[in-house]
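Novice: Pasting in a structure now, in structure tokens, and then I'll have a few things to ask.
Laboratory data are not the source of any read-out in this text; all were calculated from the coordinates shown. Bear in mind the structure is a predicted one, so any value in this text is a computation, not a measurement. Here the Cβ is made from the backbone with ideal geometry for all residues, glycine too, and neighbour counts use every protein chain on show.
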Amino acid sequence: MSAKGIKDLSSLDRVIHEPARLMIMTILFAVEEADFVYLQRECGLTQGNLSSHISKLEEAGYLTITKTFKGKYPLTICKLTRKGREAFETYSVKMRFVTNGPIPSKP
Amino acid sequence: MSHLTPSVLAARQRARYYRDASGISELVIGAALVVFGSQDYLASKLAPFGHLGRVILVVVILILYGLLMLGNKRIVEWIKERLIYPRTGYVSTQDEADKGETARSPFPVILVLVLIIGVVSFASGYANYARWIWSAAMLLLFGSYVFLSGQFELDPRRSWLFLIPLVGGLAWWNFSKPSPPFMSLAVVVGASLAFASLIRLFTYLVRNPGPPSAAP
């Protein structure tokens, strides 16, 4: 087992490495863009909780928030930035080391 | 693509399912097919008006059919803005933006339908069996479409909502005496699609009466 791989875990992105924000990043990585209501429904978070985590991701430059209208319906649309997509890919690669490694045999 | 983890793939699949879960797209297509197949009936009702009746028929059919088929996306979006987005939110899937993937569209199905009809018409020299051949072609076409679209769905049961009325409608179209007009086949298919879509839309509205609550 590589010591370097283990040490890489210490540099996991703490902005992404939080359950609620990881859910948000996973969903937004899978789609082009999504609004606040869709994220709230998919993540099962309260409005306040979701708003707080989205703000943190926006501060980190991982997503953009656009307030617009679809017809008369106001939308708060979230979309990952290029930096956010690259950060998620890097995070996924590091986590794969944790989850996809060989299972050690019993002594 | 190494970053498409199982969780990302699951999120993408859910977004694709959500895009079509309300059945609004299929409802509009079904309405278009009903309009298309009702030409003979409308023509017979407008026949007493002579030339004016023919003009009215052409204008009505062109406007309705054009709106429903060519303007399908705009109409569906207009309905979703009022019924769907306020309840369950808005999402745009990447296959609508990616160049390499084909977004789910009715036009490939329509194209295949036209090709099948052309081949069957050319090959069939047996007028007595024409309805059977066309019915089999419809079942094959839409059965395969439902099966293929079921690969992306979380609930394959909704496929039966369409196939059961379709089979019933085709049975009526084949065995009714006197035989219904040939164009009414489009009405059978369209009505089956619209029926299944209305049930899906009703189910969706019952399950999602409003936006998510503030508290968990």
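Novice: Which whole-number percent gives the relative contact order of chain A, counting Cα pairs below 8 Å spaced six or more residues apart?
Specialist: 30
Novice: Charges only on Cβ, +1 for Lys and Arg, -1 for Asp and Glu: so what's the dipole of chain A about the Cα centre, in debye to the nearest 20?
Specialist: Rounded to the nearest 20 debye, it is 140 debye.
Novice: Determine which residues of segment A:46-75 fall in the zone a paramagnetic label at residue A:14 would reach in this model, i.e. backbone nitrogen under 13 Å from the point 7 Å along Cα→Cβ.
Specialist: Answer for segment A:46-75: none.
Novice: Tally Lys and Arg at +1 and Asp and Glu at -1 over the other residues with C-beta under 15 Å from the C-beta of residue A:56: what net charge comes out?
Specialist: -1
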